[in-house]
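I have placed the structure first, in the form of structure tokens, so that the comments after it can refer back to it.
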Amino acid sequence: VRCPARKIHVIPLGVSPAFAPSGDDARTGEFRRRFNLADRILLYVGSLKPHKNFSAVLRSLSDLRERKDLQVVCVGEKLEENAPLKALCADLGVGDRVRSLGWLPDADLIEAYRAATALLMPSFYEGFGFPVLEAMACGTPVVASNAASIPEVAGDAGILFDPSAGGGLTDAVRAVLDDAGLRKSMRVKGLQRARQFTWERCADATLKLYRTVG
């Protein structure tokens, strides 16, 4: 059934004010030590379902094997419980450079964003993409696919790549790792972008829509 465009209203979701840049470097440092994290972290947050395309993260890490200080940190579904990805990790020889932390409470998740050099989100499909928004709100550069809803959330604040094209993720990660000026610019743009997504705006827009159709 086709729905007329006039009946479709898009209301963006929001991000909690708790997701913000660090005001306590000691707390972030303690988080790094507790989980034995490297100096440079590529963070992934979410499940490991096929459409999430986590295999691209592992292949990118393999491509960047000369970066000895680089580590992928996976928050969410345990890598050890996903046989195909665990096997790929072994085949690529990157097992010692991947840390799988499982699902974390919000306080630790926020520190993970703050500690990360960049968030990677290579999904083929997302309904919204909360990790993109949460990372930007914490001042973390975002490298994400240009698929589905992700560009609507990231805007011009992140680096977007085609997840169906080989090498796009690696090229984007290299750019972020090598260019401090780019990281600073992405941080500023990300914080500005994240401020546009609040639960107050979401609630106000929803209420106005209810009143319109009521």
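Summary of values
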| read-out | value |
| --- | --- |
| Computed lengthening from Gln192 to Asp24, 0.36 nm per intervening residue step minus Cα-Cα distance | 58.4 nm |
| Packing-based ranking, highest mean first, of 44-50, 153-159 given that Cβ atoms within 10 Å are counted | 153-159, 44-50 |
| Anisotropy class of region 1-62 from Cα gyration tensor, a/c 1.5 cut | oblate |
| Global form of region 128-199, assessed from the alpha-carbon gyration tensor, a/c cut-off 1.5 | oblate |
| Fully extended contour minus Cα-Cα distance, from Phe128 to Asp179, at 0.36 nm per residue | 15.5 nm |
| Amide proton proximity set for Gly76, modelled H, under 5 Å, gap of 5+ | Gly46, Leu101, Gly102, Trp103, Leu104 |
| Burial order of peptide ranges 67-74, 192-199, 7-14 (average beta-carbon count within 10 Å, highest first) | 67-74, 192-199, 7-14 |
| Of all accessible heavy-atom area on region 52-111, the percent that carbon and sulfur account for (1.4 Å) | 52 |
| Added length on full extension, which subtracts the Cα-Cα distance from 0.36 nm per residue, Glu66 to Asp156 | 29.4 nm |
| Over the chain: helical MRE at 222 nm, DSSP H runs n ≥ 4 each giving -39500 (n - 2.57), nearest 500 | -13500 deg cm²/dmol |
| Cα gyration tensor, region 103-157 - rounded (a/c under 1.5), prolate or oblate | prolate |
| Point-charge dipole on Cβ atoms (K/R +1, D/E -1) for region 74-149, about Cα centre, debye to 20 | 180 |
| Interchain or long-range residues, amide H under 5 Å from Met121's placed H | Val143, Ala144, Ser145 |
| Per-selection Kirkwood Rh - region 26-78 (Cα, Å, 1 d.p.) | 12.2 |
| Region 1-126: Lys pairs at Cα distance under 20 angstrom, eight or more positions apart or on different chains | 5 |
| FRET E, pair Arg211, Lys78, Förster distance 45 Å, beta-carbon r, rounded to 0.05 | 0.50 |
| Rounded accessible area per residue of the chain, 1.4 Å, Å² | 52 |
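The values are calculated or read from the model by the stated rules, or taken from the named source; none is laboratory data. In this text, all values refer to a predicted model and were calculated from it rather than measured experimentally. Note that we place each Cβ from the backbone using ideal geometry, even for glycine, and neighbour counts take in every protein chain shown. Calculation scope for accessible area: heavy atoms of the full protein, side chains included, ligands and nucleic acids excluded. Shrake-Rupley method; radii C 1.70, N 1.55, O 1.52, S 1.80 Å.
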